[in-house]
């Protein structure tokens, strides 16, 4: 039997058409003007539109025997392919004018008839919106990393100190003398000691005396030579 695998209903044809037409009207209104819905009568040699909503999407109207591809299904004597009598979900259709449509078809069979509900969405505007959103959200880089290539946060001296300590990879209180020297050198290179009372703050954080920090700074200055005074507060 033609369409044997299609779900069967005991509704009369008129009842089924009315139900599918109500669904088609509701879907078209709910989704909007870019959504076309059609109730088709399907037979072995063609299709015919019984109800059409937002027909401007494909250009079809009630009584049309044209497929979504613009082909008259009743032309000639050839029968429709068997795949026409199967449900299709979210199939893409490329139109000659470049639009991209998204179509789904669901069929129902009753005594002496086969009907289909076709839902077609013009996704062209959706694609353009997605492209616009992608363009709006696109970035060329991370501003913080661009301004501070070494990655150091520069909001204030406390942030800078904590960042450099974290970079050492272990808690401040367990750093060895050589590791503390590395930390002090890093902080010096980032301008930490240009801040007022930076030495006491670092000494407290490392659980050492201010004199120890000054000793580190003096040692670093001797290694590097002239060109940068050791802070005095």
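None of the figures in this text is laboratory data; all of them are computed from the coordinates on show. Only a predicted model underlies this, so the values are computations on that prediction, with no experimental measurement involved. Virtual Cβ from ideal backbone geometry, glycine too; neighbours counted across all protein chains shown.
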Restricted to the chain, the DSSP antiparallel beta bridge percent, nearest 5, is 95 percent
Mind running the shape call on the stretch 143-223? Use the C-alpha gyration tensor, a ≥ b ≥ c as the square roots of the eigenvalues: rounded below 1.5 for a/c, prolate if a/b tops b/c, oblate otherwise.
prolate
Can you sort 73, 186, 124, 129 from fewest to most other Cβ atoms within 10 Å of each residue's own Cβ?
129, 124, 186, 73
Anyone know which of 169, 70, 59 comes out most mobile in the 10 Å Cα GNM of the chain?
169
Added length on full extension, which subtracts the Cα-Cα distance from 0.36 nm per residue, residue 204 to residue 88
34.6 nm
With r defined as the distance between the Cβ atoms of residue 197 and residue 220 and R0 fixed at 25 Å, what FRET efficiency is calculated, to the nearest 0.05?
0.80
Full extension from residue 18 to residue 62: what is 0.36 nm times the residue separation minus their Cα-Cα distance, to one decimal in nm?
14.4 nm
Taking Cα atoms, how many degrees apart are the long axis of helix 210-224 and the longest axis of the chain, rounded to 10 and kept between 0 and 90?
90 degrees
Normalised convex hull volume, the stretch 1-78, alpha-carbon set, Å³ per residue
108 Å³
What are the semi-axes of the equivalent ellipsoid for the stretch 13-124, taken as the square roots of 5 times the Cα gyration tensor eigenvalues, largest first, in whole Å?
20, 18, 12
So which residue, out of 29, 134, 221, gets the largest mean-square fluctuation from a GNM of the chain using Cα contacts under 10 Å as springs?
221
Cα-based helix-to-principal-axis angle, 124-137 vs the chain, degrees rounded to 10
0 degrees
Between 0 and 90 degrees, rounded to the nearest ten: what's the tilt of helix 177-189 against the longest Cα principal axis of the chain?
70 degrees
Length-normalised contact order of the chain, Cα under 8 Å, at least 6 apart, in percent, tallies to 14 percent
Förster radius 25 Å - calculated FRET efficiency between residue 143 and residue 178, Cβ distance, rounded to 0.05:
0.10
